[in-house]
There are 2 protein chains.
Amino acid sequence: MEIKRRTTRRIMIGNVAIGGGAPVSIQSMLVTRTADIVASMAQINALHQAGCELIRIAIADEQDAQAVEALKRQSPLPLIADIHFDHKLALTAIAGGIDALRINPGNIGSEANVREIVAAVRERMIPIRIGVNSGSIHPDLLRRYGLSAGAMVESALQHVHILERLSYHEIKISVKASHLGLTLDSYRLLSQRCDYPLHLGLTEAGTEFKGMIKSSIALGILLSEGIGDTIRVSLTAEPEREIAVAQALLQTLGLRRGLDIISCPTCGRTRINLITLTQQVEDALKHLADMPLTVAVMGCAVNGPGEAREADYGIAGGEGEGLLFAKGRIVGKYPEQVLVRELVKLIEEHSGDRS
Amino acid sequence: MEIKRRTTRRIMIGNVAIGGGAPVSIQSMLVTRTADIVASMAQINALHQAGCELIRIAIADEQDAQAVEALKRQSPLPLIADIHFDHKLALTAIAGGIDALRINPGNIGSEANVREIVAAVRERMIPIRIGVNSGSIHPDLLRRYGLSAGAMVESALQHVHILERLSYHEIKISVKASHLGLTLDSYRLLSQRCDYPLHLGLTEAGTEFKGMIKSSIALGILLSEGIGDTIRVSLTAEPEREIAVAQALLQTLGLRRGLDIISCPTCGRTRINLITLTQQVEDALKHLADMPLTVAVMGCAVNGPGEAREADYGIAGGEGEGLLFAKGRIVGKYPEQVLVRELVKLIEEHSGDRS
C-alpha cells in the first residue's frame, strides 16, 4: 500500500526523529508509579524488548519528578513526562534530563510560568506535546463550537500560539477523543491548520479486544490518509500489548516491514488443522520477525496454490500432507508432521543467502 | 460518525436484505464438514447465538450438496452454498432450498451449465455472489493488468456480464485480496463500476490477532467511505470470534448501536486496578449488550470527570473508592468493592424507565 505521508516539521525526542519523513514511531505509557524506580525500570525494559520506541511517564507529584533523573540514567529509550497544571514538576523533570514534555501551556498558570518552562526547554530543544482530549476542552470553546473538531483544534492551537509567541516551535500535537468520528475529524482539521508533527491516539479506547478494533480503525484510516507521525495504541491492558498492536498496524499499512504470515480462514474444504498449523508457523518463525517476508499458510487446493503464489514462501495443506512453495513454485511435498520444520529450514536457508 | 453509504441495488438472502440502505449484515462460514449434519448444526446454532446473520457453507462434493436440505430444515439463519467449478452441486443445493450461491459463472464450464443454473435460481430469486480472489485471477487478465485492482475488477465483471446477458441481476460481488492496498483499491474501483451490493472481506487475514487488526483497518476504511453491504471478518480462529470482531467494528463505525464501554488506559496516576474494574464492568453488563448506551470507566480525576461527561454512565476511580456519573452529573460516591454493583443497579433502573 502506497501512503503519501503529509509533510511535517521534524522534532527530536532523544535520538528518535518525529515528523519530516521519519518512520512513524511507536510509544506507550508506564502504568507503574513513576517514583517506584524498580518497577518502572522493569516496565521500561519490557516495553523496550517488545519494540516500543518512546515512553511516557506520569509525573503526578514531586517524588515522580525527582525520579526522572534515575530513570533517565538507566532507560534505553527516550522518556516523555506527562504533567498537568504544575510547572514546577516540569522544571524538575527537565533538570532530571527528560527528553520531552506533555504539558499544555495554557493550563499552568501565569505567563511567567510559561516563560520559565520555555527558557528551560529551549536550551536542549526539548519538544512539548500539546495534548487536547475531548474531555478537557475549555467550557468557553464548548459553548462556541459544541463538542466538535472545531473546538478540539481551536483548543490545541490556543496552546500552540502561547509557545509560538515565545518563538518556540519544538511542538507536536494530539487531539484525542474516545469517539471515532470526532477523532478522525479533529486530526484531519488539525493537519490542514498546521504542519507540526502529530501524535495519534484515541482516549479511552476500551478493553483490549474493543480497543484493538477501535484503534486499528481510527489509526488505520488516518495513517492511510498520510496523517500521523507517532502513534500510541491505548488499551486497558498491559502496555506490551499496545506495542504488538501498533506494530501489526504499521506493518499492515506498509509503514514498517517485517514477517507477514497470511493464512486462510478454515472452511468445510479444509482437511488439516489450520488453526494449529498457523500458530505453529507463527511460533516457529518468531526468530525471523524482522525479515521482510510474506509466508502463506493455506488450507486447501482451491485458493491455496494461487494465493501462495503472491507470498515469498507458503504451505498448502492437503489430507495428512502438504506442499511447500517458494516464490509461487512447488518445492516439495511433506507429511503434515514435518511440514512446519521443512518450511522453517527452507526460509532459513534462503534468508541465509540474503544476509 | 456520520457515514454516507453508497447507493446499491437490494437483494434478499432468505429474510436478510443486503444493499439498498439495509443495515450492513454480518456473515461467517462453517469450518465443519458440511455433510456432518450434527456438527454443522451445532456450529450454525453457535454462530446464531453469537449474532451472525448469514452463514456460508462449503459444498465440496455430492454428500455436502445433499446435506443442504437437512440443514435448511433446521437452520435459524439463511445459508449460502460455496461452490467451485461443479454446477451439478449447485443444482442439488438449490433443490435443497439454499438461500444463495457463491459461484463464478465463468468457471462452471459450458454456457448450457450457466443457463441451467440461472433457470434454477430465477424462480426463487436466489442471489449469486461473484467472488474473485487475488489468487484466482485468470492468467490472461494477470498478463494484461498485472496483479492489480484493474485485474480484480475486470475479472469480477466478466462473471457478472455472463449473468447480465441472461437478464439475471440478483448479484453481489466480492474482490478479496490478502494485501491491504489491493483490497482497498479493488473495492473502490468496483464500487465506481457497478451498483451491485458488495460483500467485504480480506482473504487470508492471518491469525486471530493479526487478522483482527488487518480486517479492522481494511473494512474500517471501506465502510467509512460508504462501501460495503455485508461483511465477513476472516480469521484463522473459531468462527464465533469473527462475529465478535465484526460486531465491534460496525459498532465503532456507528453502523450498529449497542453498549459501548470506553475506558482509559491506566497510567502512573491510576490508584485503582482499572484493568480488573473494566473487565468487571464488561462482564456485569453483558445482559445489556443491545442497549444503545456508552459507559465510561475512568482511572483518575484528571480526565475522568471530563470524559465521563460524554458518556451516558460512568465511573471515575479514586483511591479505594470511586464516583458514579449519569449524563455527566455525579450521582454517588462508593467504596471500590461495591462500585460496579451500584453502576449496574443505576443503569438497570434507568434502562427500565426507557423500555
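Here are a few things to note about the model shown:
- Within region A:136-154, being open to solvent by 10 Å² or more (accessible area, probe 1.4 Å), touching a residue at least 12 places away in the same chain (Cβ under 8 Å) and part of a helix (DSSP H, G or I) holds for A:ALA149, A:GLY150, A:GLU154.
- Of all residues making up region A:28-38, the number that are closer than 13 Å to A:LEU71 by Cβ and open to solvent by 10 Å² or more (accessible area, probe 1.4 Å): 6
- Each residue in region A:155-174 was checked for being in a loop (DSSP other than H, G, I, E, B) and open to solvent by less than 10 Å² (accessible area, probe 1.4 Å), and 1 pass.
- Selection status of A:ALA93, part of a helix (DSSP H, G or I), touching a strand residue (DSSP E or B) at 6+ places or on another chain (Cβ under 6 Å) and open to solvent by less than 40 Å² (accessible area, probe 1.4 Å): yes
- B:SER216 being surrounded by 24 or more Cβ atoms within 10 Å (Cβ to Cβ) and touching a Gly at 6+ places or on another chain (Cβ under 8 Å): yes
- The sole residue among A:ILE162, A:ILE130 that is in contact with a strand residue (DSSP E or B) (Cβ under 8 Å, 6 or more places away or on another chain) and of a type in the set (Val, Ile, Thr) is A:ILE130.
- For region A:61-86, a residue qualifies if it is assigned to a strand (DSSP E or B) and touching a helix residue (DSSP H, G or I) at 6+ places or on another chain (Cβ under 8 Å), and the qualifying residues are A:LEU79, A:ALA81.
- Any hit, region A:9-27, residues being surrounded by fewer than 19 Cβ atoms within 10 Å (Cβ to Cβ) and charged (D, E, K, R): yes
- Any hit, region B:62-74, residues being open to solvent by less than 30 Å² (accessible area, probe 1.4 Å) and closer than 14 Å to B:PRO239 by Cβ: no
- All positions within region B:96-116 that are over 28 Å from the mean Cα position of the chain (by Cα) and outside any helix (DSSP H, G or I): B:ILE108, B:GLY109, B:SER110
The values are calculated or read from the model by the stated rules, or taken from the named source; none is laboratory data. Keep in mind the model is a prediction, meaning the values are calculated, not measured. For neighbour counting, all protein chains shown are included, and Cβ atoms are generated from backbone atoms with ideal geometry for every residue, glycine included. Heavy atoms of the whole protein, side chains included, go into the accessibility calculation; ligands, DNA and RNA do not. Shrake-Rupley method; radii C 1.70, N 1.55, O 1.52, S 1.80 Å.
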